[in-house]
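The values are calculated or read from the model by the stated rules, or taken from the named source; none is laboratory data. Note that this is a predicted model, so its numbers are computed, not measured. Reconstructed Cβ throughout: ideal geometry from the backbone, glycine too, with neighbour counts over all protein chains shown.
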Amino acid sequence: MSNSVKEDKSRWDSVKKRIYDLGILPVIAIEDADKAVPLARALCEGGLPAAEITFRTACAKEAIVRIREALPDMLVGAGTVLTKEQVDDALDAGVEFIVTPGFNPEIVRYALSRGAVIMPGTATPGEMEQAMGMGLDVVKFFPAEQNGGIAKLKAVSAPYSKLSFIPTGGVNADNLISYIRFPKILACGGTWMVKKELIDAGNWEEIKRLTQQAVRRMLGFEFAHLGINGSGEEALKAAKLISELFGFDFSDGSSSIFTMDNRIELLKASKPGRLGHIAIAVNSLERAVSYLRARGIELYDESAPIKGAVYLKEELLGFAVHLVQKK
């Protein structure tokens, strides 16, 4: 690990955690600085308070400055950084991280010398190893889809257990889940919720809607089952009655009985929730927990974790809510 990374490890870790908690990093080319703040507000309201502003346009620095002033809590980085001058402009504007499209050792070293959190673009194992040699543990994988997609990334990343990736380029609502389920993905970079025509038209409501849709698709919240507290005798009696009246089979386990096509769990002993629990299935339990924590949602006492589920602290009408991993 390079000295510059070691010396400010806490800041690097903080930026990486914030990116992971978001899961999706909007990549934006802004051609009109006056649109920067309303665009940023739409992203925040849609559930993604972050943006990678690319230096593909002349007003990139001004756009970053305006967003940082108006929304100081938003995570803002600079993308498509190609020169030392752009590194300087990005840092002067107040970015918290820098992303490059490819791996240019000179630019990476310069950014590190200036104390920047930099995530360079890589496409090959050789570039990934060079990045690791400079002390980096996060790189951009670009262009992701054109470079073989998630299958290629899984293959080339196998030897690099400590390296995380931000795939960008061709990632969209249709293939997002295939990337986000891979444990080595820090987040996915994308433009599908911030399309140029929407920005040009100032259609902030549609950008907000697409952002909300992207977040929900990433997390994949789905109703799994309803759990009802009871005793062993009560659970078995209820399961038999449901079977006799409605013809639903049941599966008798050690701690509960599932019936009604596994949508109802009859508990043989009470768990959190005065009446029972509502189980919500998610694409990634760890990512969903991080996402909720980042939004101030309190979880059940984590010093006494409940196997197989993460409970929210607040109940809904007497029912606890817990998250379960989709199979």
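Summary of computed values
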| read-out | value |
| --- | --- |
| The one condition in (1) in contact with a strand residue (DSSP E or B) (Cβ under 8 Å, 6 or more places away or on another chain); (2) under 30 Å from Asn172 (Cβ atoms) that Ile278 fails to fulfil | (2) |
| Hits in segment 144-167 (condition: part of a loop (DSSP other than H, G, I, E, B) and either under 13 Å from Ile185 (Cα atoms) or within 19 Å of the chain's Cα centre (by Cα) (or both)) | Ala144, Ala158, Tyr160, Ser161, Lys162, Leu163 |
| Residue count, segment 135-178 (criterion: out of contact with any Leu (no Cβ under 8 Å at 6 or more places or on another chain) and among the aromatic types (Phe, Trp, Tyr)) | 2 |
| Enumeration of residues in segment 256-274 that are within 23 Å of Phe246 (Cα to Cα), over 32 Å from the mean Cα position of the chain (by Cα) and in a loop (DSSP other than H, G, I, E, B) | Met260, Lys268 |
| Among (1) of a type outside the set (Asp, Glu); (2) out of contact with any strand residue (DSSP E or B) (no Cβ under 8 Å at 6 or more places or on another chain); (3) closer than 18 Å to Thr191 by Cα, the one test that Gly79 misses | (2) |
| Matching residues, segment 260-298, being in contact with a Ser or Thr (Cβ under 7 Å, 6 or more places away or on another chain) and not aliphatic (A, V, I, L, M) | Glu265, Lys268 |
| Filter result for Val215 (under 15 Å from Asp21 (Cα atoms), in a helix (DSSP H, G or I) and outside the structural domain of Arg295 (by TED's automatic domain parsing)) | yes |
| Some residue of segment 125-135 being of a type outside the set (Phe, Trp, Tyr), under 25 Å from the mean Cα position of the chain (by Cα), over 16 Å from Gly79 (Cβ atoms) and part of a loop (DSSP other than H, G, I, E, B) | yes |
| Residues of segment 276-322 satisfying the condition of being at pLDDT below 85, assigned to a loop (DSSP other than H, G, I, E, B) and either β-branched (Val, Ile, Thr) or more than 23 Å from Ser255 (Cα to Cα) (or both) | Arg295, Ile306 |
| Residues of segment 183-197 classified as under 20 Å from Asp21 (Cβ atoms), assigned to a loop (DSSP other than H, G, I, E, B) and touching a strand residue (DSSP E or B) at 6+ places or on another chain (Cβ under 8 Å), total | 5 |
| Residues being touching a residue at least 24 places away in the same chain (Cβ under 8 Å) and under 23 Å from Gly169 (Cβ atoms) - total across segment 91-117 | 14 |
